[in-house]
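A.B. asks: Just passing along the structure, written as structure tokens.
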Amino acid sequence: MRKRKRRSKKKLDRDGRLADAAKWLRSRARRKTTLIEGYTQRYAVSESQAWDELVALGFYDDILIELYEQQGIDWEYKVEALTGEMFVVPEGTQDHEIYEYHPII
């Protein structure tokens, strides 16, 4: 019986990358690199494409937290008054300033 060749993760199309990345991100206990760096290395995509695909997978807050920590910015969760959703913002952000940090609201 012939063995099936494994497809390189770097040759997956967008849907294949998203499916594989969802499994990969769930299984990772501790990361040595940031999400963006790990994604770009694993799938050989640009940082902007990695950012877009990780946001599509629901890792927007995790990316922002890593970015704030790299820059030495303390962060906190704030509740947006109209919807009641929580958003990651720099510490000390006023309620009306949440919209400046989160364009997806």
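A.B. asks: Just to be sure I understand, how many residues within the stretch 20-60 are surrounded by 12 or more Cβ atoms within 10 Å (Cβ to Cβ) and polar (S, T, N, Q)?
C.D. replies: Qualifying residue count, the stretch 20-60: 5.
A.B. asks: In this structure, does Gly16 turn out to be outside any helix (DSSP H, G or I), at pLDDT 85 or above and either surrounded by fewer than 16 Cβ atoms within 10 Å (Cβ to Cβ) or touching a His at 6+ places or on another chain (Cβ under 6 Å) (or both)?
C.D. replies: Answer is no for this residue.
A.B. asks: Right, another one. With the requirement that a residue be of a type in the set (Phe, Trp, Tyr), over 22 Å from Pro90 (Cβ atoms) and within 11 Å of the chain's Cα centre (by Cα), what does the stretch 39-76 give you?
C.D. replies: Answer for the stretch 39-76, where residues must be of a type in the set (Phe, Trp, Tyr), over 22 Å from Pro90 (Cβ atoms) and within 11 Å of the chain's Cα centre (by Cα): just Tyr39.
A.B. asks: Same structure, new question: Condition first: farther than 21 Å from Thr34 by Cβ, assigned to a strand (DSSP E or B) and either in contact with a Ser or Thr (Cβ under 9 Å, 6 or more places away or on another chain) or not aliphatic (A, V, I, L, M) (or both). Now tell me which residues in the stretch 52-105 satisfy that.
C.D. replies: Once the filter is applied, which keeps residues that are farther than 21 Å from Thr34 by Cβ, assigned to a strand (DSSP E or B) and either in contact with a Ser or Thr (Cβ under 9 Å, 6 or more places away or on another chain) or not aliphatic (A, V, I, L, M) (or both), the stretch 52-105 yields only Lys78.
The values are calculated or read from the model by the stated rules, or taken from the named source; none is laboratory data. All of these numbers come straight from a predicted model, not from anything done at the bench. Using ideal geometry, Cβ is built from the backbone for each residue, glycine included, and neighbour counts are taken over all protein chains shown.
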